[in-house]
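First comes the structure, then the notes that go with it.
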Amino acid sequence: MSSYPAPSDAPSAEVDADVLAQIALSRDEYERACDMLGRAPSDVELGMIGALWSEHCGYKHSRPLFHHFPTDDERILTKLGDENAGAIDIGDGWVAVMKIESHNHPSAIEPYEGAATGVGGIVRDIFAMGAQPIALLDSLRFGPLEDRRNRRLCVGVVAGIGGYGNCLGIPTVGGELVIGDAYGGNPLVNAMCLGIAPRGSLISATAGPPGTQLMIVGADTGRDGLHGATFASVELDESSAERRPAVQVGNPFLEKSLMDACVGLVREHRDWLEGLQDCGAAGITSSTVEMAERANAGIRIQTQRVPRRESGMTPYEVMLSESQERMIAAVKPAHVSDVEDWFEHWDLHAEVIGEVTDDGIARVFDGELEVAAAPVSLLTGAPAYTPDAERDAEAAARSDWDPGSLPDLDPADASEALLKLLASPNIASKRWVYRQYDHMVGTNTVVVPGSDAAVLRIRGIEQGLAVCTDGPGRAVELDPYAGSARAVAEAARNVACTGARPIAVTDCLNFANPERASIYYQLSESIRGMGDACRAFGTPVVSGNASLYNESEDGPVTPTPVVGMLGIISDVTKAVRMAFQDEGDEIWLLGGSLEQDVSTLGGGEYLAVLHGKSAGPIAIDLDAEAALVDVLVELAESGLLKSAHDCSDGGLAVAIAESAIAGEIGAQAEAAVSGRLDATLFGEAGARAIVSAGPTSGSDLVETAARLGAVAVRLGSVGGDRLKIGEVDLPLQDAADAWNSSLPNLLDG
């Protein structure tokens, strides 16, 4: 077997188990790397291989499943996985760019900095393509907030997201917060960013042809973030707190300058550059090697040229540091001084640290000493695994459980049941969270947090963008396929409730250890379910992230695929909110009948809050879901809708209550209940939305729904100061107090 020349620091002895554990590389993978090299790797090479072959960078268990995702559409301008984020043509000469990523493990150790740098990283993915970031969203999961540690994590994470995003001047416009027992040992912190750019102005993350100069710009390099990629690819345990050096420390003011400088450079002097890339997980290693792979080229890096903020750093530390606020620019040789001057104008230092070569080898030097020489194809050739998959017997048994075995809700208890649900942290107002975010900076937020989805204007054109995140983990645990399809469907409904047509998805797959058959079953069935749902809505997956090994000594997290959905609204001035508007408006149920089968309680908040059970069947009707989206979009475009809110957590009664609370006006839904009261009020059947319309709009609404294959049922009217929904009858203020006070009482108390 031929071998590549060994760098001068290549070891003569086999690496020990402690070193492999530190870089999350198995013994088999180490031996595979040795076979591919034809020798033992040097220390620097080993660190580079460990980082790039980590689950976080290499997608070893999820990559073989991505073929289930639909990725092709005439509007999609990027290939899944080829760029930092996904780009979609939204018309009128504009492109939207979006991506969601996780920062779960760092946030479990250092909640403020972990969440803050998660925001910084996802923002860099957007402006690395030359797009201007215009909105942030999050998706957060914590253990029960009665626990002091969980409260500390929640408070710290929210502060970190707000602190970093607010300083960048990017509005945080939406998201979700879910509380569940299984997230106590391992919280989930997902951040999404949306950007826009003129059509034709994007730049690729490629290294360019041989001779191209590689420049690093932004913060100096320190030791923070070492082994961050591998830390994100292992389970949390009692020693995880010792991994604080793996958590980066952010500087949002520096990132703001970096963002403005990079967007301006791409917009004004695109011809100076071959490519642009974020320095994220695995730092200089991943950014330069992945750029070389896209160019089918090699690279030569000189570590002594890398600006540092700490003395005595080794080449290993320089190559693997995950210090924040750094970018790699692939610059045409004739324009190196131009690029230096450009960044100097922004008080940023740009330094040439290497160049592109034609030999396909990633070479790293420390002065005259060559410390790494490995093929780019080896470094980016992480092995792929498809373990055995088997459904967990206990989860299957809970899914088969019949909610009808419980007694029906006593009508006398209906009002109290609704109050308990409204006070549940998973349903209660999230104002405590989003009041810490500046969601109006830039003044382009048309529909603000607290509604089904956020809506943003693009100045100069009529249309706007709607965006949301959704991830019903409890349903996924019970039925990974149907639950994950439901995540896509709920996100599509939320976007459609604003009047926007769903067009594209970005996803974050949060699962536990995929080496176990039950977890790999969850992962594989989840991806399959999401893929089928995306096809039903015509929403290709344009970008995403897989975050695996989310478990601790307390056990695995609830499987939580999070969907970020983007929609286009044809006229942003017609955006629909969830709040009831005017006295006398009629309340309608779109997409289903009032009476619901008891099975619709399965996996819902009613069972969890009132009966302490996470069980029951999960169903999905994608044809019905797609029809409802069509109805909502057409009704909004025609101006018939005064409000719209999807039926999800807590079912019909909660949806009506939330619209009434948001509008500060009562509601009377007097339709008779002929089936089980609990299912009618609180069943979580999909493909349904609560809308309001003017008193003369009913016939048009019914005709539109019928023509598009959906049902419309008149429930009652808007008005007064009470909330009457079947057997529920209580002052609206009581409902509002329960809904508004729950999170503050838990987190401020």
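How many residues does region 33-69 contain that are open to solvent by 20 Å² or more (accessible area, probe 1.4 Å) and in contact with a strand residue (DSSP E or B) (Cβ under 9 Å, 6 or more places away or on another chain)?
The qualifying residues number 6.
Scanning region 272-303 for residues that are part of a helix (DSSP H, G or I) and acidic (Asp, Glu) turns up GLU290, GLU293. If you filter region 579-591 down to residues that are part of a loop (DSSP other than H, G, I, E, B) and open to solvent by less than 10 Å² (accessible area, probe 1.4 Å), you find that the one that is nearest to SER451 (Cα to Cα) is PHE580. Residues in region 175-195 that are hydrophobic (A, V, I, L, M, F, W, C) and open to solvent by 20 Å² or more (accessible area, probe 1.4 Å) were compared, and the one that is farthest from PRO133 (Cα to Cα) is ALA182. If only residues of region 705-721 that are of a type outside the set (Gly, Ala, Ser) and in contact with a Leu (Cβ under 6 Å, 6 or more places away or on another chain) are counted, the one that is surrounded by the fewest Cβ atoms within 10 Å (Cβ to Cβ) is ASP721. Picking from residues in region 268-286 that are at pLDDT 95 or above and over 19 Å from LEU348 (Cα atoms), the one that is surrounded by the most Cβ atoms within 10 Å (Cβ to Cβ) is THR285. Just need a number here: residues in region 107-134 that are assigned to a helix (DSSP H, G or I) and either within 9 Å of GLY195 (Cβ to Cβ) or under 16 Å from the mean Cα position of the chain (by Cα) (or both). Residues that pass the stated criteria total 15.
The residues of region 608-654 that are closer than 11 Å to LEU421 by Cβ, open to solvent by less than 10 Å² (accessible area, probe 1.4 Å), among the aliphatic types (A, V, I, L, M) and within 27 Å of the chain's Cα centre (by Cα) amount to a single one, VAL654. All conditions in (1) under 19 Å from the mean Cα position of the chain (by Cα); (2) in the same structural domain as GLY612 (by TED's automatic domain parsing); (3) open to solvent by less than 30 Å² (accessible area, probe 1.4 Å) hold for TYR434, with the sole exception of (3). No other residue among ASP341, ASP359 is at pLDDT 95 or above, assigned to a loop (DSSP other than H, G, I, E, B) and open to solvent by 20 Å² or more (accessible area, probe 1.4 Å) apart from ASP359. If the condition is being more than 19 Å from ILE161 (Cα to Cα), at pLDDT 95 or above and either open to solvent by 70 Å² or more (accessible area, probe 1.4 Å) or more than 24 Å from the chain's Cα centre (by Cα) (or both), then region 231-267 contributes ALA261, GLY264, LEU265, VAL266, ARG267. For the residues ASN104, ASN84, the requirement of being under 18 Å from the mean Cα position of the chain (by Cα) and closer than 18 Å to VAL542 by Cβ singles out ASN84. The set of residues from region 255-313 being under 21 Å from ASP358 (Cα atoms) and charged (D, E, K, R) comprises GLU274, GLU290, GLU293, ARG294, ARG300. If only residues of region 144-160 that are open to solvent by less than 10 Å² (accessible area, probe 1.4 Å) and within 19 Å of the chain's Cα centre (by Cα) are counted, the one that is farthest from VAL505 (Cα to Cα) is LEU153.
In region 612-625, the residues that are assigned by TED's automatic domain parsing to the domain that holds GLN596 and over 23 Å from ALA706 (Cβ atoms) form Cβ pairs under 8 Å with partners that are basic (Lys, Arg) and surrounded by fewer than 20 Cβ atoms within 10 Å (Cβ to Cβ), at six or more places apart or across chains, as follows: SER614/ARG398; ALA615/ARG398; GLY616/ARG398.
The values are calculated or read from the model by the stated rules, or taken from the named source; none is laboratory data. None of the values given here were measured: they were computed from a predicted structure. Glycine also receives a Cβ, built like all others from the backbone with ideal geometry; neighbour counts cover every protein chain displayed. Heavy atoms of the whole protein, side chains included, go into the accessibility calculation; ligands, DNA and RNA do not. Shrake-Rupley method; radii C 1.70, N 1.55, O 1.52, S 1.80 Å.
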